[in-house]
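Let me begin by presenting the structure, written as structure tokens, before commenting on it.
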Amino acid sequence: MSEIEELRQQLRDAYKNRAMIYYHIYEELSRELGPERAEQIMKRAIYRRGQERGQAFRQFAPANLAGLREAFLGHLPDQGRLFEPEVLAHDETRLDIKFHRCPLREAWVEAGLPDDLVATLCRIAAEVDYGLFQEAGFKFFADTWQPGGEGCCCLHIRPGTG
């Protein structure tokens, strides 16, 4: 294995480790507080991390979707190989990006978690993107993976209100 391939594997492994940490935290919180409360708490915490990351993209708000697209895609690990992003739509009014892979979801599937739990964990993990794009000054929503779905999340970014 080349050094680059080894680094790529280490990166995938780090994402899988993060995925399993999310899962175990969710499990513990669910036992103590119930699944709904566990999801709420985790979403708030992960959203806050997204807000921290979103500050780096504020320069593009409220409407420079082209600049945001280049900066966001340019910051994806391993030049996007982990997520295989596809820009589905891009103009002055919208930016839609479909992720065809997700190392978090892949880790949960490999661990044998049931589809409904994987979907819940995907919703929770997507909060990092909500925090990022909203903090950056844009409107945002995501279609997260659902059982039977292809690929993973689809991100929908719209100009902010300024």
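Any chance you could count how many residues in segment 24-44 are among the hydrophobic types (A, V, I, L, M, F, W, C) and exposed (fewer than 12 other Cβ atoms within 10 Å of the Cβ)?
Kept after step one, since they are among the hydrophobic types (A, V, I, L, M, F, W, C), are these residues of segment 24-44: 25, 29, 33, 38, 41-42.
Subset that is exposed (fewer than 12 other Cβ atoms within 10 Å of the Cβ): none.
The number of residues fulfilling the criteria is 0.
State which residue is farthest from K98 (Cα to Cα) when the search covers only segment 51-84 and only residues that are surrounded by fewer than 16 Cβ atoms within 10 Å (Cβ to Cβ) and among the aliphatic types (A, V, I, L, M).
Here the residue is A56.
Only one of (1) surrounded by 13 or more Cβ atoms within 10 Å (Cβ to Cβ); (2) assigned to a helix (DSSP H, G or I) fails for I21. Which number is that?
Unmet for I21, out of (1) surrounded by 13 or more Cβ atoms within 10 Å (Cβ to Cβ); (2) assigned to a helix (DSSP H, G or I): (1).
Looking at segment 151-162, which of the residues that are surrounded by fewer than 21 Cβ atoms within 10 Å (Cβ to Cβ) and modelled with pLDDT of 95 or more is farthest from A66 (Cα to Cα)?
Initial filter on segment 151-162 (surrounded by fewer than 21 Cβ atoms within 10 Å (Cβ to Cβ)): 151, 154, 156, 158-162.
Still in the list and also modelled with pLDDT of 95 or more: 154, 156, 158-160.
Details: C154: 17, H156: 14, R158: 11, P159: 11, G160: 14 Å.
By that ranking, first place goes to C154.
Mind checking which pairs have a first residue in segment 127-140 that is free of Cβ contacts under 8 Å to residues at least 40 places away in the same chain and at negative phi and a second that is part of a loop (DSSP other than H, G, I, E, B) and surrounded by fewer than 24 Cβ atoms within 10 Å (Cβ to Cβ), Cβ under 8 Å, 6 or more apart or different chains?
So the pair list comes out as K139/P159; K139/G160; K139/T161.
Among the numbered conditions (1) assigned to a helix (DSSP H, G or I); (2) touching a strand residue (DSSP E or B) at 6+ places or on another chain (Cβ under 7 Å); (3) without any contact (Cβ under 8 Å) to a residue 24 or more places away in the chain, tell me where S30 comes up short.
Of the numbered conditions (1) assigned to a helix (DSSP H, G or I); (2) touching a strand residue (DSSP E or B) at 6+ places or on another chain (Cβ under 7 Å); (3) without any contact (Cβ under 8 Å) to a residue 24 or more places away in the chain, the odd one out for S30 is (2).
Being small (G, A, S) and touching a residue at least 12 places away in the same chain (Cβ under 8 Å) is the filter here, so list the residues in segment 57-78 that pass it. Quick ask: steps written out before the conclusion?
Of segment 57-78, the ones small (G, A, S) are 61, 63, 66-67, 71, 74.
A61, A63, A66, A71, listed by residue number.
The values are calculated or read from the model by the stated rules, or taken from the named source; none is laboratory data. Since the model is a prediction, treat every value here as computed from it, not as a measurement. Here Cβ is always computed from backbone atoms with ideal geometry, including for glycine, and neighbour counts include all displayed protein chains.
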